[in-house]
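Everything on this sheet refers to the single structure shown next.
Bear in mind these aren't lab numbers, they're just calculated from the coordinates by the rules spelled out. On a predicted model such as this, the values are computed, not experimentally measured, just so you know. Positions of Cβ are backbone-derived with ideal geometry, glycine not excepted, and every protein chain shown enters the neighbour counts.
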């Protein structure tokens, strides 16, 4: 009716581009976090050997002391660096909690009516709505109220309203 397919298509493509850009940002951040935590875990193993090696070369300690000090250092630092080594798991958990919280808020705001029901009747000759009421997602103001329409098969229709 309004021939706004091109406008809707460009809007959809913008949203898709935004989603792809967001995915790339998340991937880059996860890669950087992985590099940091892997490097950190390797340094925990290398640092004690670098500290103890000069004493071994001078002959002050036996070779077994190097592995003992490495194990002790790794256990001590590992206990203190739990947040760093588990950062990716913790951030994933926090993101899930945030999404669930947003979902719960949206469900509480929706204020669905107990008497509202949708009856679906299978049919191939038309698409019909009877007494359709659409409310705005954020403020609950009716966009359309008690609309009844029948659209024959193959007809292109664009319904517009406030966004």
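Can you pull a Stokes-Einstein diffusion coefficient for the stretch 5-110 at 25 °C (0.890 mPa s), Rh from Kirkwood over Cα pairs, as a whole number of µm²/s?
Numbers: Rh = 18.3 Å.
For the chosen part, D equals 134 µm²/s.
Rounded to the nearest 10 degrees, what's the angle between the helix 5-58 long axis and the longest principal axis of the chain, both from Cα atoms, 0 to 90?
The helix 5-58 is inclined about 10 degrees to the chain.
Stretch residue 26-residue 79 to full length: gain in nm at 0.36 nm per residue minus the Cα-Cα span? Mind dumping the intermediate values first?
Working: separation 53, 0.36 × 53 = 19.08 nm, distance 2.79 nm.
So the extension gain works out to 16.3 nm.
For helix 63-80, what angle does its Cα long axis make with the longest principal axis of the chain, in degrees from 0 to 90 and rounded to 10?
30 degrees
Taking Cα atoms, how many degrees apart are the long axis of helix 87-110 and the longest axis of the chain, rounded to 10 and kept between 0 and 90?
Tilt relative to the chain: about 20 degrees.
Tell me what the chain gives for mean residue ellipticity at 222 nm when only DSSP H runs of n ≥ 4 count, each as -39,500 (n - 2.57), the sum divided by the residue total, rounded to 500 deg cm²/dmol. Walk me through the numbers before you get to the answer.
Numbers: 4 runs with 100 residues, N = 163.
Taken over the chain, the calculation gives -21500 deg cm²/dmol.
May I ask you to derive the relative contact order of the chain, considering only C-alpha pairs under 8 Å and at least 6 residues apart, and to give it as an integer percent? Walk me through the numbers before you get to the answer.
On the way: 91 pairs, mean separation 30.9, N = 163.
Across the chain, relative contact order equals 19 percent.
Taking the Cα-to-Cβ direction at residue 45 and at residue 33 and moving 7 Å from each Cα, how far apart do the two end points lie in nm?
In this crude label model, residue 45 to residue 33 measures out at 2.3 nm.
If R₀ is 30 angstrom, what is the calculated FRET efficiency for the pair residue 159 and residue 89, using the beta carbon separation as r and rounding to 0.05?
0.10
Name the most mobile residue of 91, 150, 81, meaning the one with the largest mean-square fluctuation, in a Gaussian network model of the chain with Cα contacts below 10 Å.
Looking only at 91, 150, 81, the largest GNM fluctuation is found for 150.
Using 0.36 nm per residue, how much length does the chain from residue 6 to residue 126 gain when fully extended, once their Cα-Cα distance is taken away? Let's see the in-between values first.
Values: separation 120, 0.36 × 120 = 43.20 nm, distance 2.47 nm.
Once the chain is fully extended between residue 6 and residue 126, it gains 40.7 nm.
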